[in-house]
1. In this structure, is L174 in contact (Cβ under 8 Å) with a residue 40 or more places away in the chain, surrounded by fewer than 17 Cβ atoms within 10 Å (Cβ to Cβ) and over 19 Å from G47 (Cα atoms)?
2. Output the residue which, of all residues in segment 25-52 that are hydrophobic (A, V, I, L, M, F, W, C) and farther than 26 Å from S66 by Cα, is modelled with the highest pLDDT.
3. Out of everything in segment 64-79 that is polar (S, T, N, Q) and more than 14 Å from the chain's Cα centre (by Cα), what residue ends up being modelled with the lowest pLDDT?
4. Test of understanding: among I113, I149, I61, I166, which residue is at negative phi, at pLDDT 90 or above and β-branched (V, I, T)?
5. Filter segment 145-154 for residues that are within 18 Å of F98 (Cβ to Cβ) and assigned to a helix (DSSP H, G or I) and give the result.
Amino acid sequence: MKCNVDRYKQTVFVEETMAQTTNYLQRTAAHGKTIGTIDFVGFLSMGVTLLFFSLHQARVIEIGDSGLTTILFAGGIGQILAGLTAMRVKHLFGSITFTAFGFFWLSVIALFIVPEFGVAESPQSVALSSYSVMWGLFAGMIYLGAMHISLQTRLLFAMLSLNFAILSFGQATLTEHAVLFGGLFGGACGTLFIVHALCHGAIGLKKAIS
């Protein structure tokens with residue numbers, strides 16, 4: 001009788017352990033799919049906006065009302081929403097990176113719009129250079145603090161930091177060729193961000209199907 005009771009307890013224990021393990025794996029898979037979707041939206045917003053703005057820096061296109069709208073919604077609001085969603089699922093990298101760069105793009109819009117209303121003067125070259133330096137340092141810190149993230153992601157932020165450094169040099173020295181090169185280099189970075197986002201999207205779709 002005692003042997004049967006012990007066997008029953010062991011069976012119950014094994015069943016409970018298997019149920020808990022299955023539940024954990026299901027929650028982990030759902031969490032991974034959510035993070036993949038967040039990264040897709042965040043990196044895609046970053047890439048599209050960076051490409052668009054860099055082409056303006058390279059004098060390829062001019063930013064008009066449509067351009068500011070793209071920066072506002074794709075770069076600013078899109079990335080902030082991705083960051084806030086990442087915060088809800090405790091995705092630390094996404095919450096810090098996407099939220100911060102979302103506000104960066106909103107500040108870029110302010111640099112264009114605020115002088116038009118006469119609230120403040122257009123920033124001088126030294127101020128713009130300092131602005132680029134600070135965001136370049138932030139991108140560099142993202143690179144250093146993301147050692148647990150994929151190598152491709154770290155390289156993208158290393159390139160982004162270098163892009164800010166090139167733009168800062170061009171703005172400080174008023175060297176048009178440096179600003180032009182920075183714009184072209186930023187365009188390349190934006191394109192790679194878009195490709196990186198599409199890779200995340202493809203992986204997330206594959207997980208969703210499976």
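The values are calculated or read from the model by the stated rules, or taken from the named source; none is laboratory data. Values in this document were obtained by computation on a predicted structure and should not be read as measured data. Neighbour counts run over all protein chains shown; Cβ positions are idealised from the backbone, glycine included.
1. When the stated conditions are applied, L174 passes them.
2. Only one residue fits best here, namely I35.
3. The qualifying residue modelled with the lowest pLDDT is S66.
4. I166
5. Those that are within 18 Å of F98 (Cβ to Cβ) and assigned to a helix (DSSP H, G or I): G145, Q152, T153, R154.
Residues are listed down the side, and each one gets a yes or a no for (1) buried (at least 17 other Cβ atoms within 10 Å of the Cβ); (2) part of a helix (DSSP H, G or I); (3) touching a Ser or Thr at 6+ places or on another chain (Cβ under 8 Å):
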{"site": "I63", "(1), (2), (3)": "yes, no, no"}
{"site": "F73", "(1), (2), (3)": "no, yes, no"}
{"site": "K90", "(1), (2), (3)": "no, no, no"}
{"site": "A110", "(1), (2), (3)": "no, yes, no"}
{"site": "E116", "(1), (2), (3)": "no, yes, no"}
{"site": "S122", "(1), (2), (3)": "no, no, no"}
{"site": "A127", "(1), (2), (3)": "no, yes, no"}
